[in-house]
1. Out of all the residues in the stretch 14-43, which are assigned to a loop (DSSP other than H, G, I, E, B) and either acidic (Asp, Glu) or modelled with pLDDT of 90 or more (or both)?
2. Go through (1) out of contact with any Ser or Thr (no Cβ under 7 Å at 6 or more places or on another chain); (2) of a type in the set (Ser, Thr, Tyr); (3) farther than 17 Å from Pro16 by Cα one by one and return the number of the condition Ser133 breaks.
3. Among what's in the stretch 141-199 and is within 23 Å of Ala119 (Cα to Cα) and of a type in the set (D, E, K, R), pick the residue that is surrounded by the most Cβ atoms within 10 Å (Cβ to Cβ).
4. For the stretch 51-75, name all the residues that are among the charged types (D, E, K, R), within 18 Å of the chain's Cα centre (by Cα) and over 12 Å from Phe185 (Cα atoms).
5. For Ser11, indicate whether it is at pLDDT 95 or above, outside any loop (DSSP other than H, G, I, E, B) and over 19 Å from Ile174 (Cβ atoms).
6. What number of residues within the stretch 46-60 are touching a residue at least 60 places away in the same chain (Cβ under 8 Å) and farther than 15 Å from Ser24 by Cβ?
7. Out of the residues in the stretch 10-27 that are among the small types (Gly, Ala, Ser) and in contact with a Gly (Cβ under 9 Å, 6 or more places away or on another chain), which is nearest to Ser64 (Cα to Cα)?
Amino acid sequence: MKSGLYFTFSSLFSRPPTYDFIESVVKGRLFTLASVLERSQDQVNFIENQKWLSEVERLQLDFSRLFSVPSENAVIPYESYYLDRIPIGFGDWKDFSKTAAEVDMPGYISGPCLSSIKAFYASEGYMLDEQNSELPDHIGCELEFLGLLYQKNKLEVVQNFTRKHIGRWLNTFIGCVREKAKTDFYKKGAESLQYLMVNMT
């Protein structure tokens, strides 16, 4: 069950939603299921909204605004953006051959995190689909990897991967989605993923 939920969230943050995908979320109560795995049934409030089925274009636009079009409203879906730093030196105004100050700037994509995650995937025999154009540290790839680990019941590897990778940046990513999304579909989806991660074992 958990593996399927991770595949759902992988799709949610990887590609614009189709009617069929939205229908599977609504009819399967997938956001609700992710949120209540560890709670008793009498505490359940359904999250999904039937109106999402008539808002496909609006949800697709929200996906593009969040994850495809660079802007101040975009949410970057790559681990390296949140965790890697690139040193930037500022020259001494009196002697430009010297560095007066050096700071680590965030937002460095394709840095050390990317190499580390590739090695982690390789150690578990995970290979990205050839048709996947995303970098291996994309949120969708990392969630798909977790789903595959759950399918194989590799709970120790799940914990290790979460500690070294996705667990270090996912809450920041989710916070950005909740702040910048224009639709409840993505706000509620992000919240549900957070619940799922908290109750992952």
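The values are calculated or read from the model by the stated rules, or taken from the named source; none is laboratory data. Worth saying up front: this structure is predicted, and the values here are computed from it rather than measured. All Cβ positions, glycine included, derive from the backbone under ideal geometry; neighbour counts span all protein chains shown.
1. Ser14, Arg15, Pro16, Pro17, Thr18, Arg29, Glu38, listed by residue number.
2. (3)
3. Checked the stretch 141-199; the qualifying residue surrounded by the most Cβ atoms within 10 Å (Cβ to Cβ) is Glu142.
4. Once the filter is applied, which keeps residues that are among the charged types (D, E, K, R), within 18 Å of the chain's Cα centre (by Cα) and over 12 Å from Phe185 (Cα atoms), the stretch 51-75 yields only Arg65.
5. no
6. So the answer is 2.
7. If we take residues in the stretch 10-27 being among the small types (Gly, Ala, Ser) and in contact with a Gly (Cβ under 9 Å, 6 or more places away or on another chain), then Ser14 is nearest to Ser64 (Cα to Cα).
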